[in-house]
Amino acid sequence: RGYCFARRTAGSSYNASMRFATLSTLTVATALSMPPARRRQSPRLRAEPVARGGSSTNGGGVAFAASAMLLVSAHRTVFSAAMPELQASLGFDARTVGALQAAYLAGYGLTNAAGGAAADRVGGAKVLALCLVVWSSLVALTPAAASLGVAALALCRFGFGVASGPALPASLAVVSSQPDADSRAKGIATVLCGFNVGSAAGLLS
């Protein structure tokens, strides 16, 4: 009986395997016999340039945006790179360092979305130029603020975050004014390249 049961089981498994193999063969044969599908050619879309967002249709606006992103990234990274020296010279502990970094991030997050809305309304180049003047002034005042104490330095870092928050959305608004998709793609790559170069320059300075 056991032999017969095993034989019947093996036979049923073999039949099931054959049915699956036959079904797979028929599926493949059907797929191969079908005529190749003709690829649909979609019309090439031409996006209209954004009227607001800042600058001219040449590369001058993109170069300005990339330079601004380089500066804001370098200014942000320099402070982080100089933190060990500030801890040694001013006696900052880990909690103070965390508070200073949090002050910057709070200001940055406060104006990130608002800066993008302002760039869409009045132009990315105008917003970016104003922010560049403000954050550069605050960076120049940072040593004086550090000499006045932790509160003054935290307030300076908060102001730097507020001024630098609109930088990226304003830069993208400048890029959006380029006349075609290729120019906009190259503009985004240039702006992000400037940002990364600024980070490297800040760490090396």
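For this structure, a couple of remarks:
- For the peptides 120-126, 68-74, the ranking by packing is 68-74, 120-126, with the highest mean count of neighbouring Cβ atoms within 10 Å listed first.
- For region 145-205, the square roots of the Cα gyration tensor eigenvalues, ordered a ≥ b ≥ c, give a/c of at least 1.5 with a/b no greater than b/c, which places it in the oblate category.
- Built amide H within the under 5 Å cut-off of residue 123, gap 5+: 53
A short reminder: the numbers here are calculations on the coordinates, not readings from a lab. The model shown is predicted, which means the values in this text are computed figures rather than measured ones. Neighbour counts run over all protein chains shown; Cβ positions are idealised from the backbone, glycine included.
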